[in-house]
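Novice: Have a look at the structure that comes next, please.
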Amino acid sequence: MKWQLMISLRYLFEKREERFISVATLISALGIAVGVAALIVTMGVVNGFNREIEEKILNVNPHIIIASDRASVDHEDIKRKISQIEGVLETADFLDGQALINVDEKVAGVLIRGIHPNPKRRLIKIDSYLAAGTTGLKGNGAIVGSELAGNFRLKVGDRINILSPLAGSSEEFKVNGIFNSGRYDYDLNLVFLNIEEAKKLLGKDNIVSGVGLKVAEVFKVDSIKYKILSVIRPPYRVVTWKEIDRNLFSALKLEKIVLFLVVALIIFVACFNIISTLIMTVMEKAKDIGILKAIGVTRLGLMLIFLLEGLYISIIGIIIGSGLGLGLCYLQYNYKLVKLPPDIYYIYSVPIQVRVPDTMIIIAAAFILGLLATVYPSLHAARLNPVDALRYE
């Protein structure tokens, strides 16, 4: 195969009698490069937005929630059963309930979530989204979302009245903090209270809605869920953070696949350029092919020459495209070149996350498409009759 490498390299880099072939070769390599770079950047942006959504869910919810359709949860029994499960780091009780918030005769429905008043004892990172005030919940303190605060024109220190229709009670709370998670539904509907105060408001003394769990590896919650289900029986249900917004993640996964296929069409079109370039090269080198066949070179040997030439074009394009795509991702990640309006997206720039598996899939797809593009021209060269090739020489 050594001489095939030498001849294919010579055909690729030698000065052509037809300059058009050289230009077509350059365009083919650049087409592959643009396609690979576009795919890397596109997948990086999609992964970046996925990461933003995952962080928002993880910072506002426990990694795993054990709850029941019944009115109460035996949290002490649950904690005892799961205490020996490997991978579970911490547990914390929480209480959810529907309520009404009343400020200056304006009323809206909200979801009350009672959590531990000490931030170190919580399984959520609401402090990372704190826009104003503190996350302390001692006494009758409350933390409200930015959208809810905007609707009621609330500021830190203001007083709000929260009513529980089911319990028939109401209490006044002080706004200790305002959070901005970037999720409109969270920021509009969620109010955090001290769990003890939430029990009084909702009329659920010594009752909790469920137990939240913190695990060692957040992306392996499914395996821990199965372990929990082996010791926790109905009516309890186990929900992971991935299942909280299952429909959203399914939509994002489908979007990622569709974007990959659409942008990959750039590489597909570039492969047609490789086919046309190699066919023109075969026509230009008909005399050489005839001589090689006349001296006994096999069809496979001739196929390898043009197959290698096509692969060189693809590899050059892949190297340039990978460097360009990763370089653009690096610049966006470190220097935030592409900005976003924070009042609409709640983030200041386009997020980027380059994942090695995605990059390897892109490179492999470009390589395979480039390889397939060489098949027809190589077969055409192998089938060339040496008598016809040398007849007029």
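Novice: How many residues are in contact with a helix residue (DSSP H, G or I) (Cβ under 6 Å, 6 or more places away or on another chain) and not in a strand (DSSP E or B) if we restrict to the stretch 164-183?
Specialist: 5
Novice: Kindly provide the set of residues from the stretch 240-280 that are in contact with a Phe, Trp or Tyr (Cβ under 9 Å, 6 or more places away or on another chain) and β-branched (V, I, T), ordered by number.
Specialist: Matches in the stretch 240-280: I275, I279.
Novice: Right, here's the next one. Which condition breaks for T298 when tested against (1) more than 10 Å from A381 (Cβ to Cβ); (2) crowded, with 19+ Cβ neighbours inside 10 Å?
Specialist: Failed condition: (2).
Novice: Just checking, which of V238, V221 is in contact with a strand residue (DSSP E or B) (Cβ under 8 Å, 6 or more places away or on another chain), assigned to a strand (DSSP E or B) and touching a residue at least 60 places away in the same chain (Cβ under 8 Å)?
Specialist: Being in contact with a strand residue (DSSP E or B) (Cβ under 8 Å, 6 or more places away or on another chain), assigned to a strand (DSSP E or B) and touching a residue at least 60 places away in the same chain (Cβ under 8 Å) holds for just one of V238, V221, which is V238.
Novice: Criterion first (in contact (Cβ under 8 Å) with a residue 60 or more places away in the chain and assigned to a strand (DSSP E or B)) does V191 satisfy it?
Specialist: Spelling it out, V191 is indeed in contact (Cβ under 8 Å) with a residue 60 or more places away in the chain and assigned to a strand (DSSP E or B).
Novice: Please go through the stretch 208-256 and give me each residue that is farther than 30 Å from I352 by Cα, surrounded by fewer than 12 Cβ atoms within 10 Å (Cβ to Cβ) and of a type outside the set (D, E, K, R), ordered by number.
Specialist: Y226, S230, P234, P235
Novice: Restricting to the stretch 346-372, give me the number of residues that are in a helix (DSSP H, G or I) and either without any contact (Cβ under 8 Å) to a residue 40 or more places away in the chain or over 20 Å from the mean Cα position of the chain (by Cα) (or both).
Specialist: Counting residues in the stretch 346-372 that are in a helix (DSSP H, G or I) and either without any contact (Cβ under 8 Å) to a residue 40 or more places away in the chain or over 20 Å from the mean Cα position of the chain (by Cα) (or both) gives 12.
Novice: Of all residues in the stretch 67-105, which are part of a loop (DSSP other than H, G, I, E, B) and either buried (at least 16 other Cβ atoms within 10 Å of the Cβ) or of a type outside the set (S, T, N, Q) (or both)?
Specialist: D69, R70, A71, V73, D74, I85, E86, G87, D104, E105
Novice: Here's something else I'd like to know. Here is a list: I320, I279, I257. Which entry is within 36 Å of the chain's Cα centre (by Cα) and touching a residue at least 40 places away in the same chain (Cβ under 8 Å)?
Specialist: The unique qualifying residue is I320.
Rule-based calculations on the coordinates, nothing more; no lab input. None of these values were measured; they are calculated from a predicted model. Note that each Cβ is placed from the backbone with ideal geometry, even for glycine, and that neighbours are counted across all protein chains shown.
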